[in-house]
2 protein chains.
Amino acid sequence: MLTFAEVQEAREYTAAALSRAGVVLTPAERGEIEVADLGLGELERTGLQLVVYVNTERVCAKELVLRPGQTCPEHRHIGADEELGKEETFRVRAGEVWLYVDGPATPDPLAVAPRPEHYTAWHQIVLRPGDQHTILPGTKHWFQAGPDGAIVTEFSTRSTDERDVFTDPDIRRITVVEP
Amino acid sequence: MLTFAEVQEAREYTAAALSRAGVVLTPAERGEIEVADLGLGELERTGLQLVVYVNTERVCAKELVLRPGQTCPEHRHIGADEELGKEETFRVRAGEVWLYVDGPATPDPLAVAPRPEHYTAWHQIVLRPGDQHTILPGTKHWFQAGPDGAIVTEFSTRSTDERDVFTDPDIRRITVVEP
């Protein structure tokens, strides 16, 4: 659970980071920045901030903003009925991102998992501004921002957050804000 | 037809415009900037410059860069077999864009069509940084940059340029560079 003050502070951080990177948001978009603590209540360690530009039946695009060391925890995207799972490309705009996917584990990874017992993918891909990586459906993945935080643009098929499968059983995709 | 010098000059213009807007390209991407004169041989009036970030079976994302007054001419995206036509969202990053789509004609439009006999869609949408508009398959559309040029990020389904239907019968999507 987050307090409204925490949400407001995270929105201000996000708007300022995007502005520094030259990304222009409309006033409506600034007021709708999504702050996701994923139910763990430790936003500065686990969670992320999002601006959703578009999410139709076929196409989705977002900016993901992470604080220094903040982690988007391990998950994968699965399909339903005749719809394939979500395919997403992460392109780094600012900062450094340590992305982990299924595959041979990288020795001495740069990231420290916030709750290591719930992280299983350790194949490291380091992304700096201009670098990108495509995640196919079903691939376990997670990422952590380096010491300066990060901005990641995500290009994907339709986003269906409710279908994300997180490795950590305590995670809830829907953020609850204290009444 | 374009000369190699024209292509190089347009690539340099594009890389500089993106850099000013805070968009980082890799060296490989800078060398692969697509310069499209659409076969008319009057690039500064009709054509555009493109950086394709990703184009898979399901998702495509690009930066479109236009010079002051440069026009991406009228076209629509159609489907084939079981694939729907391309759906695209234009989000303006820098400059002003005058977008025209099917619909009631706007009186006194801001743009001047470069070859007016081949332009039929006159419903005007003015897009400034942070503004965006989604074009559904089959919708005729074209756009012109305002006096400072423009950068437009396009989020879309798979890009199948060869299937674009241009209103102007002299247009060819493939650019020929003088040998």
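Each copy carries B:Pro104; placing its label point 7 Å along the C-beta direction from Cα gives inter-copy distances of 6.4 nm, listed from smallest up.
Basic side chains Lys and Arg get +1 at the Cβ, acidic Asp and Glu get -1 at the Cβ, and with that the dipole of the protein assembly as shown about its Cα centre reaches some 440 debye. Take A:Glu9, move 7 Å from Cα toward the beta carbon, and the resulting point lies 5.5 nm from the same point in each other copy, nearest first.
Along the axis of the charge dipole computed for chain A (Cβ charges of +1 for Lys and Arg, -1 for Asp and Glu, origin at the Cα centre), the listed residues A:Val165, A:Val97, A:Thr3 are led at the positive end by A:Val97. The GluC sites (Glu not before Pro) of region A:1-65 that DSSP puts in a loop, and whose beta carbon has at most 15 other beta carbons within 10 Å, are A:Glu32, A:Glu42, A:Glu44, A:Glu57.
If you take the charge dipole of the protein assembly as shown about its Cα centre, with +1 on Lys and Arg Cβ and -1 on Asp and Glu Cβ, which of B:Leu136, B:Gln124, B:Thr14 is farthest toward its positive end? Working it through, the farthest residue towards the positive pole turns out to be B:Thr14. Once the C-beta distance of B:Glu9 and B:Val126 is scaled by a Förster radius of 25 Å, the resulting FRET efficiency is 0.30 to the nearest 0.05.
Each Cα pair under 8 Å and six or more residues apart adds its separation to the average, and for region A:4-166 the resulting relative contact order is 29 percent. Can you tally the net charge around A:Val177? Count Lys and Arg as +1, Asp and Glu as -1, for every other residue whose Cβ sits under 15 Å from the Cβ of A:Val177. Result for the local shell: -3. Could you tell me whether the protein assembly as shown comes out rounded, prolate or oblate from its Cα gyration tensor? Rule is a ≥ b ≥ c as square roots of the eigenvalues, rounded for a/c under 1.5, then prolate if a/b exceeds b/c, otherwise oblate. It is prolate, given that a/c is not under 1.5 and a/b is the larger ratio. For the rotation carrying B onto A, the chain B residue whose Cβ lies nearest the axis, with the distance in whole Å, reads B:Gly22, 1.
Determine the shape class of chain B: with a ≥ b ≥ c the square roots of the Cα gyration tensor eigenvalues, call it rounded for a/c under 1.5, and otherwise prolate if a/b is greater than b/c, oblate otherwise. It is rounded, given that a/c, with a ≥ b ≥ c, falls under 1.5.
Filter the GluC sites (Glu not before Pro) in region A:77-164 to those in DSSP coil with at most 13 other Cβ atoms within 10 Å of their Cβ, and list the result.
A:Glu82
Summing charges over all other residues whose Cβ lies under 13 Å from the Cβ of B:Gly146, with Lys and Arg as +1 and Asp and Glu as -1, gives -1. When the solvent-accessible area of region B:4-166 is split by element, carbon and sulfur atoms take up 52 percent of it, the probe being 1.4 Å. Using a/c under 1.5 as the rounded threshold, could you call region A:30-115 rounded, prolate or oblate? The axes a ≥ b ≥ c are square roots of the C-alpha gyration tensor eigenvalues, and prolate needs a/b larger than b/c, oblate otherwise. Oblate is the answer for region A:30-115, as a/c is 1.5 or above yet b/c matches or exceeds a/b. Annotation note: trypsin sites (Lys or Arg not before Pro) in region B:1-80 located in DSSP loop regions with a Cβ neighbour count of at most 12 within 10 Å are absent. Using the Karplus relation 6.51 cos²θ - 1.76 cosθ + 1.60 with θ = phi - 60°, the per-residue 3J(HN,Hα) values for region B:72-85 come to 8, x, 5, 7, 9, 10, 10, x, 8, 6, 8, 8, 5, x Hz, with x marking Gly and Pro. For A:Ala111, neighbours were defined as the other residues whose beta-carbon sits under 12 Å from its Cβ, and their charges (Lys and Arg +1, Asp and Glu -1) total -2.
Per DSSP helix of 4 or more residues, -39500 (n - 2.57); summed, then divided by the residues of chain B. What does that give at 222 nm, rounded to the nearest 500? Can you show the working numbers first?
Working: 2 runs with 22 residues, N = 179.
Calculated at 222 nm, the ellipticity per residue is -3500 deg cm²/dmol.
Summary for B:Gly69: label point 7 Å along Cα→Cβ; distances to the equivalent points in the other copies, ascending, 5.5 nm. Only Lys, Arg, Asp and Glu carry charge here, each on its Cβ (+1 for the first two, -1 for the last two); on that basis chain B has a dipole of about 420 debye about its Cα centre.
Between B:Gln49, B:Gln132, B:Gln144, the Gaussian network model of chain B with springs among Cα atoms under 10 angstrom shows the greatest mean-square fluctuation at B:Gln132. Once the C-beta distance of B:Glu178 and B:Glu117 is scaled by a Förster radius of 30 Å, the resulting FRET efficiency is 0.60 to the nearest 0.05.
What the phi angles of region A:139-151 give under the Karplus curve with 6.51, -1.76 and 1.60, with θ = phi - 60°, is a coupling list of 7, 5, 7, 7, 8, 10, 7, x, x, 9, x, 7, 10 Hz, glycine and proline written as x.
The values are calculated or read from the model by the stated rules, or taken from the named source; none is laboratory data. This is a predicted model, so every value here is computed, not measured. Cβ: placed from backbone, ideal geometry, glycine included. Neighbour counts: every protein chain shown. These area figures cover heavy atoms from the full protein model, side chains too; ligands, DNA and RNA do not enter into them. Shrake-Rupley method; radii C 1.70, N 1.55, O 1.52, S 1.80 Å.
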